[in-house]
1. For the pair Leu147 and Arg201, how long in nm is the line joining their label points, each one 7 Å along Cα→Cβ?
2. Cβ neighbours within 10 Å, averaged per peptide: list 122-135, 74-87, 5-18 in order, most packed at the top.
3. In square nanometres, what is one fourth of the surface area of the convex hull spanned by the alpha carbons of the chain?
4. Send over a whole-number figure in Å² for the accessible area per residue of the chain, probe 1.4 Å.
5. Quick check for you: which residues of region 49-73 have the amide N under 13 Å from the point 7 Å beyond the Cα of Glu122 toward its beta carbon?
6. Where does each of 140-151, 39-50, 196-207 land if you order them by average Cβ count within 10 Å, highest first?
7. Straight-line reach from Lys215: which lysines have Cα under 18 Å away, leaving out those fewer than 8 places along the same chain?
8. What's the magnitude of the charge dipole for the chain around its Cα centre, counting Lys and Arg as +1 and Asp and Glu as -1 at the beta-carbon? Answer in Debye, nearest 20.
Amino acid sequence: NVCYRRARGIIVVTHGIKERLKQKGIRDEKLFLIKNGTNPDLFRHFYDADLENKLGWAGKFVVLYAGVHGVAQGLDTVLRAAERLADHPLIRFAFIGEGPIKPQLMARAKQAMLSKVDFLPEVPMGEISRFISLAAVCLIPLKKSPLFQGALPSKIFDCWACERPLLISVDGEARREVEAAGGGLFVEPEDAEALSDAILRISRNPEAVKEMGEKGKRYLH
């Protein structure tokens, strides 16, 4: 609070953060909202057929999570959704990144014999667009918590820059942003049944997938 009060100005990246600081007594005129964005030099649609074939993703409906594998992300829900869709011939799940619960997730996938779930290592920032661009849809999950009502993950905009639609399980500000753009669908956090149903539904509607990806890209401009 001392730092906040002594600062001439404070940059906040979400409306939620701004409101919390105002509740702490910080004057509105000191708060400047600058939302997260993306770097178009790093994030852009880039189709790499060789990489697609190497990963075994050609002809598949790839559901991608790229980011930290931590407790807050609720990735166990994604695995449970993958279990529900294990018999679907075209749907494949991919996790890219590292984090404290990655070994646990890999062990569970192995135990459940989820052959259509890929775990890939962290990819350098300059290369990740090649992977995102091969996905049919990108996941933006967080656990169900009032704390995340004001969250606005930057990967929303990175995925849109690659023209990929989103399945977002973050209620509040992030949900409103995605719905305003028309760049994806909201799914209740930690609801594996709802997530698997949404994935199955959009996998059968490629035109809607394409349209949501295009809307997300346009929203950035």
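The values are calculated or read from the model by the stated rules, or taken from the named source; none is laboratory data. Owing to the predicted nature of the structure, the values given are computational and were not obtained by experimental measurement. Note: ideal-geometry Cβ built from the backbone for every residue, glycine included; neighbour counts use all protein chains shown. Heads up: the accessible areas ignore ligands, DNA and RNA and are worked out on the full protein's heavy atoms, side chains in. Shrake-Rupley method; radii C 1.70, N 1.55, O 1.52, S 1.80 Å.
1. 3.0 nm
2. Details: 122-135: 17.4, 74-87: 19.8, 5-18: 14.1.
Descending packing order for the listed peptides: 74-87, 122-135, 5-18.
3. Details: hull surface 51.5 nm².
Mean orientational projected area (the chain, Cα hull): 12.9 nm².
4. Values: 11550 Å² over 221 residues.
Using a 1.4 Å probe on heavy atoms only, each residue of the chain averages 52 Å².
5. Residues passing the 13 Å test: 67-70.
6. Details: 140-151: 17.3, 39-50: 12.7, 196-207: 15.7.
The peptides rank, most packed first, as 140-151, 196-207, 39-50.
7. Partners found: Lys155.
8. Numbers: 33 positive and 28 negative charges, 172 e Å.
The dipole of the chain has a size of about 820 debye.
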